[in-house]
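Enquirer: Have a look at this one.
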Amino acid sequence: QVQLVESGGGLVQPGGSLRLSCTASGMIFSFAAMAWYRQAAGNQRELVAAIDSVRNTNYVDSVKGRFTISRDNAKKTVYLQMNSLKPEDTAVYYCNTNRGSVDYWGQGTQVTVSS
């Protein structure tokens, strides 16, 4: 059974940085495309960044140049390094993978950007 466990969220001031981690189990991680989504209060969940098995990446325009997605296959972990954080980045961040047309999600980790 696929399980995704996120960590690393918290409260940070505008301009600050956070690194989110997502550790996977129950799957062959090195073959999997992984993604980070976020959902702000009252908004739909949106794709933030994705990375495939050969480390091609893509980002939503609003985070380009500020966020970096990466992966460590030995640790079965995907990361989201978030720099120059803005209040509009405040959201619950979710790790995601799709296996056999089934979406799997982590429990989410809250990121709050506020002074």
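The values are calculated or read from the model by the stated rules, or taken from the named source; none is laboratory data. For clarity, every value in this text was computed on a predicted model and none was experimentally measured. Backbone-built Cβ (ideal geometry, glycine too); neighbour counts: all protein chains shown. Just the protein is used for accessible areas: all its heavy atoms, side chains included, with ligands, DNA and RNA removed. Shrake-Rupley method; radii C 1.70, N 1.55, O 1.52, S 1.80 Å.
Enquirer: Among the residues of region 55-65 satisfying the criterion of being part of a loop (DSSP other than H, G, I, E, B) and in contact with a strand residue (DSSP E or B) (Cβ under 9 Å, 6 or more places away or on another chain), which is surrounded by the most Cβ atoms within 10 Å (Cβ to Cβ)?
Expert: Step one: of region 55-65, the residues part of a loop (DSSP other than H, G, I, E, B) are 55-56, 60, 64-65.
Narrowing the set further to residues that are in contact with a strand residue (DSSP E or B) (Cβ under 9 Å, 6 or more places away or on another chain) leaves 55-56, 60, 65.
Working: R55: 10, N56: 9, V60: 15, G65: 9.
Filtering first and then ranking leaves V60.
Enquirer: Do any residues in region 7-35 that are within 21 Å of V113 (Cα to Cα) have Cβ atoms under 9 Å from those of residues that are among the hydrophobic types (A, V, I, L, M, F, W, C) and in a loop (DSSP other than H, G, I, E, B), where the two are at least six apart or on different chains, and which pairs are they?
Expert: Final answer for the pair search is V12/L85; Q13/L85; P14/L85; G15/L85; G16/L85; S17/L85; L18/L85.
Enquirer: Next question, about the same structure. Which of the residues belonging to region 1-13 are in a strand (DSSP E or B) and either more than 26 Å from V102 (Cα to Cα) or among the acidic types (D, E) (or both)? Outline the logic, then answer.
Expert: The first filter runs over region 1-13 and keeps only residues in a strand (DSSP E or B), leaving 3-7, 10-12.
Selection gives E6, G10, L11, V12.
Enquirer: Right, here's the next one. Kindly provide the set of residues from region 66-115 that are part of a loop (DSSP other than H, G, I, E, B), polar (S, T, N, Q) and either in contact with a strand residue (DSSP E or B) (Cβ under 8 Å, 6 or more places away or on another chain) or crowded, with 16+ Cβ neighbours inside 10 Å (or both), ordered by number. Write out each step before concluding.
Expert: Here is the first cut: in region 66-115, the ones part of a loop (DSSP other than H, G, I, E, B) are 66, 76, 83-86, 90, 100-101, 106-108, 114-115.
From what is left, the residues that are polar (S, T, N, Q) are 83-84, 90, 101, 107, 114-115.
Answer for region 66-115, where residues must be part of a loop (DSSP other than H, G, I, E, B), polar (S, T, N, Q) and either in contact with a strand residue (DSSP E or B) (Cβ under 8 Å, 6 or more places away or on another chain) or crowded, with 16+ Cβ neighbours inside 10 Å (or both): N83, T90, Q107, S114.
Enquirer: Can you tell me which condition V12 does not meet? The list is (1) open to solvent by less than 30 Å² (accessible area, probe 1.4 Å); (2) more than 14 Å from the chain's Cα centre (by Cα); (3) within 15 Å of Q107 (Cα to Cα), and all the others hold.
Expert: Just one mismatch for V12, condition (3).
Enquirer: Which of the residues belonging to region 14-51 are aliphatic (A, V, I, L, M) and outside any loop (DSSP other than H, G, I, E, B)?
Expert: Going residue by residue through region 14-51, those that are aliphatic (A, V, I, L, M) are 18, 20, 24, 27-28, 32-35, 40-41, 47-51.
Selection gives L18, L20, A24, M34, A35, L47, V48, A49, A50, I51.
Enquirer: Now for a different question. Quick one: L4 ticks every box in (1) open to solvent by 50 Å² or more (accessible area, probe 1.4 Å); (2) touching a strand residue (DSSP E or B) at 6+ places or on another chain (Cβ under 7 Å) bar one, so which box is it?
Expert: Here L4 clears every test but (1).
Enquirer: Of the numbered conditions (1) open to solvent by 50 Å² or more (accessible area, probe 1.4 Å); (2) more than 17 Å from G9 (Cα to Cα), R19 satisfies every one except a single condition; which is it?
Expert: Going through the list (1) open to solvent by 50 Å² or more (accessible area, probe 1.4 Å); (2) more than 17 Å from G9 (Cα to Cα), R19 breaks only (2).
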